[in-house]
Amino acid sequence: MKETKLTRVQILLALSAVLVLIALLLSVVSSGKAYSLAHLNQVIYGCAAAVVLDLIIVFFYKKLPAGLRDLMLLVAVFADAWAMCTLIEGRTLLAGYIYFSDLEASNPVAVAAMNLAVAGIVVFLVSLVFQIVVGFSRQIKD
């Protein structure tokens, strides 16, 4: 069996895909705890698109033309950012209730939901950083 060595780009994109799945899990659990997200399906679609595109690039990295690879990476970044912004938009009201008023500050379920959402946003950001680093890195020449 032929052993293939993964490039730095493939490793970063694989990590990005794993992080997007973790952020999706945190978003879904946060939505299930309190104040469910009205547009949870958009978060799921954005995460699914980002993961699929990242994994296509990882598995077919050397077979894809550079232009197609870059386009797929750009779409993956937008899908990841769309999912993150949808999560932020969905949690803005809960953040206001917890951090800027006394309405939900003492509700442990709402606070836990907000903490999970904040963790999900941070994980989305790290995933985006990985994708952007790959986008600006020097890659193989076709």
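The values are calculated or read from the model by the stated rules, or taken from the named source; none is laboratory data. Keep in mind that what you see is a predicted model, and the values were worked out from it rather than measured. All Cβ positions, glycine included, derive from the backbone under ideal geometry; neighbour counts span all protein chains shown. Ligands, DNA and RNA are stripped out before the accessible areas are found, and what is left, the full protein with its side chains, is counted by its heavy atoms. Shrake-Rupley method; radii C 1.70, N 1.55, O 1.52, S 1.80 Å.
Before moving on, here are some points about what is shown:
- Extreme residue, nearest to the chain's Cα centre (by Cα), among residues of the range 85-101 that are open to solvent by 20 Å² or more (accessible area, probe 1.4 Å) and under 16 Å from Val126 (Cα atoms): Cys85
- Among residues of the range 54-76 that are at negative phi and without any contact (Cβ under 8 Å) to a residue 24 or more places away in the chain, none has a beta-carbon under 7 Å from a residue that is assigned to a helix (DSSP H, G or I) and open to solvent by 80 Å² or more (accessible area, probe 1.4 Å) at least six positions away or on a different chain.
- Unmet requirement for Phe59, which otherwise passes all of (1) modelled with pLDDT under 95; (2) surrounded by 15 or more Cβ atoms within 10 Å (Cβ to Cβ): (2)
- Check on Val51, open to solvent by less than 30 Å² (accessible area, probe 1.4 Å), at pLDDT 95 or above and within 25 Å of Gln10 (Cβ to Cβ): yes
- Where Val43 falls short, out of the listed (1) among the β-branched types (Val, Ile, Thr); (2) surrounded by 17 or more Cβ atoms within 10 Å (Cβ to Cβ); (3) farther than 16 Å from Gly120 by Cα: (3)
- Flag if Ala23 is aliphatic (A, V, I, L, M), in contact with a Leu (Cβ under 9 Å, 6 or more places away or on another chain) and touching a residue at least 40 places away in the same chain (Cβ under 8 Å): yes
- Complete set of residues in the range 113-142 that are open to solvent by 30 Å² or more (accessible area, probe 1.4 Å), closer than 13 Å to Lys33 by Cα and more than 17 Å from the chain's Cα centre (by Cα): none
- When Ser36, Ser30 are screened for being under 16 Å from the mean Cα position of the chain (by Cα) and at pLDDT below 95, only Ser30 passes.
- Selection of the range 71-84 for residues being farther than 11 Å from Gly135 by Cβ and within 12 Å of the chain's Cα centre (by Cα) yields Phe78, Ala79, Asp80, Ala81, Trp82, Ala83, Met84.
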